Structures are given as structure tokens and as C-alpha cells.
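The values are calculated or read from the model by the stated rules, or taken from the named source; none is laboratory data. Please read these numbers as outputs of a predicted model, since none were measured by experiment. Using ideal geometry, Cβ is built from the backbone for each residue, glycine included, and neighbour counts are taken over all protein chains shown. Protein only, heavy atoms only, side chains kept; ligands, DNA and RNA dropped before computing areas. Shrake-Rupley method; radii C 1.70, N 1.55, O 1.52, S 1.80 Å.
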Amino acid sequence: MFVVLLRFSESKFKAPDFIEGHNAWIRKGVEDGAFIVVGSLQPNAGGAVIVHGMSLTDLEERVCQDPFVAENIVKAEILEITPNTTDSRLEFLQD
């Protein structure tokens with residue numbers, strides 16, 4: 001399982017020009033079943049994605065396809081988490 005932090009860079013002002021592509025990238029990740037949670041970092045600091053069911057290599061490739069990453073609007077940080085204990089509703093994350 002991974003957490004991807006997408007923190008705004010000094011190029012944040014370019015976000016409106018690439019938001020459509022960024023939203024399409026998010027939709028594709030959700031539709032593929034890889035992105036299980038997507039949300040905003042507060043206050044207005046960027047975004048975060050919780051990812052399950054893909055390798056680090058595949059995730060790195062996918063993150064590079066985000067227009068916000070490609071255009072340096074956000075800086076991506078990928079954190080890998082190995083769940084040891086979960087609520088029963090999230091047991092699937094231990095696979």
C-alpha cells in the first residue's frame with residue numbers, strides 16, 4: 001500500500017491550465033481500482049492518494065503521467081506502508 005503526497009510547488013499558478021488532465025488521471029486511477037482514496041491536503045497544500053494493488057515501479061510510472069507532476073505543479077512523494085493491523089473493514093489492505 002502506498003500514500004502519494006502531491007505538494008504544490010512554486011508553479012502552483014499553472015494548475016488551472018492542467019486541472020482537466022489531472023482530474024482525468026485521478027479518474028483513471030479510481031476506475032482501475034488502484035486509487036482507493038483521493039483528497040486534498042489542507043490548507044490548499046496539494047493532494048494525497050492512497051494506492052493499493054500495484055508495485056512501486058508501476059506506481060512511479062503512473063505518478064509521472066499526472067500532468068501536475070509532469071508540469072512541476074506538484075512535487076510527488078511516495079510513501080510505502082506495510083499494514084500490520086487494520087480495522088476489519090480494511091482487511092483487504094493486508095494482502
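Please find the FRET efficiency linking Thr86 to Ser55, where r is the Cβ-Cβ separation and R0 is fixed at 22 Å, and quote it to the nearest 0.05.
Efficiency, rounded to the nearest 0.05: 0.60.
Starting from the amide H of Ile36, placed 1.01 Å from N in the peptide plane, find each other amide H under 5 Å away whose residue is 5 or more places distant or on another chain.
Ile50, Val51, His52
With charges set only on the Cβ (+1 for Lys and Arg, -1 for Asp and Glu), what does the dipole of the chain come to about its Cα centre, in debye to the nearest 20?
320
Quick one: pull the percent of accessible area on segment 17-95 belonging to carbon and sulfur, 1.4 Å probe, ligands and nucleic acids left out.
Exposed carbon and sulfur together represent 50 percent of the surface.
Which value at 222 nm does the chain reach when only helices count, each DSSP H run of 4 or more adding -39,500 (n - 2.57), with the total divided by all residues and rounded to the nearest 500 deg cm²/dmol?
Counting only the DSSP helices, I get -9500 deg cm²/dmol.
Spelling out what I want: for every residue of segment 25-32, take phi, set θ = phi - 60°, compute 6.51 cos²θ - 1.76 cosθ + 1.60 (Karplus), and round to whole Hz; glycine and proline get x.
4, 5, 4, 4, x, 5, 4, 6
How large is the accessible surface per residue of the chain, computed with a 1.4 Å probe and reported in Å² as a whole number?
Heavy-atom accessible area per residue stands at 63 Å².
With a/c under 1.5 counting as rounded, go ahead and sort segment 36-95 into rounded, prolate or oblate using the C-alpha gyration tensor (a ≥ b ≥ c being the square roots of the eigenvalues; past the cut-off, prolate if a/b is larger than b/c, else oblate).
oblate
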